[in-house]
Each structure stands twice: as structure tokens, then as C-alpha cells.
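Notes follow once the structure below has been shown.
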Amino acid sequence: MWTDNLLPALFATLRQLTLLFVVPISISILIYLSERIVTGWFIRTTGFKGIWLTAWLGTPVHESAHAIICFIFRCPIKEIRFFIPDPESQVLGYVKYTHNPKNPFHWIGRWFIGLAPLFAGSAFLFGLLMLTGAFPITWRPDLLPGHTSDWISVVGLHFDTLSLIGSEMVSLLSTSDFWGNPLNWFLIYAALAVVTHMAPSFADLKGTFSGWILMLFLTFLMNYFILFLGVPVTFDSVLHFISLILTRLLALALVLSAINLIFWFIILNVIHRLKTGYWLMGRKHKG
């Protein structure tokens, strides 16, 4: 019966998409939360204009990523503002574009458009730190995936990848030679500015919904026909490798998000204390 392969195809699809996206999505959520926390601290301490300190650079990078993917997927841009802060709506910039809801190519395009700042920002961060001449791009052979489906081993490789990036950043920032170069100070500031504004907004994520649906459907359809032909579904190792690439790309943003969180927590706490007499995370003192 043609219905015999429906459930196996569905389970294979869910397993594959989980293997491919669960760790990158988890990292992306942490980056997003870090960004929202830092933005909230800025607004509480300096008002909306305080965020301009990082937004003048981070927002144009964010919006440029949207615009480039709009061009690639032929979604006409109606209006673009790289940096136009609005205190009332707290919007810093935007890209307005049109799409054809009947065109599946645009469905996938909106998925990439919505997530573009995350991946473009990560690539931008790698580029910035490569300009220092001291940040290596390495991939240890033991972090390459095998053909195992052991979930503990799979997740372990992702954590090892994060650990590798973290150790590389610590090594970079702990050398006196690095801080002796004035250009590196600006590069680190630029990196923190970009990571403060690289997470997709809620509107960005809403636009990716049709892309997720199409991806789910096409993957299910592929698995169904493979199983219908009597061929086993064996894409796990390939998907695992792609997932590790995504983790590798996002890991630097996550590490820098943690550094950004700590840095602004210290700076903004001091400013908040001087302005109000109490700490940012504490209760307001009366009298």
C-alpha cells in the first residue's frame, strides 16, 4: 500500500530536520536572548539613544543582509533604511520588500531573507577577526562527523566545536600584542556592535514560516519516494556535517555575545550606579 511509507517518511523527516537544526537553532536563541538583554540594559540606563552607540554599525550590517538576499531571490525592495532610529517604535532600520505568495521560490527566499542577518553577521564577525591577523580558522580532524547516529556523540561534537571557538577567542584576547595594535581595539568594538544587532527580529522570523513549511514538505516528499523505492534513508552523516558547519559559523557569534553581555553588564552597571545611586540589577533606593 502507498500509505505504508507515510509514517516512516514523516519520522525520517523529523529526525533529519532535528539533526540539522536543533543545535544551530539553540545557539541562535541564546544569541537572540543576549541581544535583547543588552538592549534592555541600554534603554534602562541611557534611554533609547544609548543603543545608537552600537546600532549605527550593527543595524546597517543587519539590513544589508536582508537586502542582499532579497536581490538574490528576486524579491523587489520597496524601501530600505539602513539606520533610521525611531524612539516610539524602537525600530532602528528596516527593509520593505514584496513577494509572490504563489511562488515557492519566494517561500524559500523569505526563509533566507529572515535569517540572513544571523548568518551574514556571523560571517562578518569572522572577517573582522581575520583582519587582526591573529584569529585562526581551524577545524580539528576529530570534529569531522563520522557515520554514527549516536546522539550523545553528535551533540558532543557540537559542544567541542563551541569549545574550540571559545579557546581561540580567549587566546586572542589574552595576548598583549593583540591589544598593542590600536586597529584591533576598533575591530573588537565593531564585532561587539555587530553581534548586538545581528539576531532576526520577530517580524523577520514570521516571514520564514512559509519556508519552513516548504522545507518540511519537500523533505517528507523526498523521503517518501526513497522509501517507496525500497531504498534506506541514509542522509544522517551529511546532515550532521552541514549542522556542524552551521554551528561553527554561529559559535563565534555566541562567544562574542557572551563577551558582549559581560562587557556591557559591567559598563552599564557603573553608569547606572553613577546616574541613579543603585545598581542596574538591584532595587531602586528611596530617598
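Among all stretches of the chain without exposed trypsin sites (Lys or Arg not before Pro) (DSSP loop, at most 16 other Cβ atoms within 10 Å), which one is longest? Spell out each step's value before the answer.
Details: sites that count: ARG74, LYS102, ARG283, LYS284, LYS286.
After excluding every exposed loop site, the longest remaining stretch is 103-282.
Label point 7 Å out from ALA258 along Cα-to-Cβ: which residues of the stretch 163-191 have amide N under 15 Å?
Of the residues in the stretch 163-191, 163-174 have backbone N under 15 Å from the label point off ALA258.
Which ³J(HN,Hα) values in Hz, rounded to whole numbers, follow from the phi angles of the stretch 51-56 under the Karplus curve 6.51 cos²θ - 1.76 cosθ + 1.60, where θ = phi - 60° and Gly and Pro get x?
Once rounded to whole Hz, the list reads 5, 4, 4, 10, 5, 4.
Could you compute Rg(Cα) / (2.2 N^0.38 Å) for the chain, with N its residue count?
Numbers: Rg = 21.7 Å, N = 287, 2.2 N^0.38 = 18.9 Å.
Here the Cα radius of gyration is 1.15 times the empirical estimate.
Once the piece of chain linking LYS96 and VAL155 is laid out straight, how much longer is it, given 0.36 nm per residue of separation minus the C-alpha distance between them? Let's see the in-between values first.
Numbers: separation 59, 0.36 × 59 = 21.24 nm, distance 3.79 nm.
Fully extending the segment from LYS96 to VAL155 adds 17.4 nm.
Spin-label point model (7 Å from Cα, Cβ direction): what's the ARG273 to TRP212 distance in nm?
The answer from the label model is 4.2 nm.
Starting with the fewest neighbours, write out MET222, MET281 ranked by other beta-carbon atoms found within 10 Å of each beta-carbon.
Result, fewest neighbours first: MET281, MET222.
Less than 18 Å from a label point 7 Å out along the Cα-to-Cβ axis of THR175: which backbone N atoms in the stretch 185-229 qualify, by residue?
185-189
Cross-chain or 8 or more residues apart, Cα under 30 Å: how many lysine pairs in the chain fit that? Count them up, please.
13
Considering amide H positions built from the backbone, and no H for Pro or chain starts, which residues 5 or more places from VAL91, or on another chain, come under 5 Å of its amide H?
ASP86
Quick one: 3J(HN,Hα) in Hz for the stretch 9-15, Karplus 6.51/-1.76/1.60 with θ = phi - 60°, rounded, Gly and Pro as x.
5, 5, 5, 5, 5, 5, 5
By per-residue mean of other Cβ atoms within 10 Å, what is the highest-first order of 125-132, 65-72? Before the final figure, lay out each step's value.
Working: 125-132: 17.4, 65-72: 19.5.
In descending order of packing, they fall as 65-72, 125-132.
Computed from the coordinates by the stated procedures, all read-outs in this text should not be read as laboratory data. Remember, predicted model here, so these are calculated numbers, not experimental data. Backbone-built Cβ (ideal geometry, glycine too); neighbour counts: all protein chains shown.
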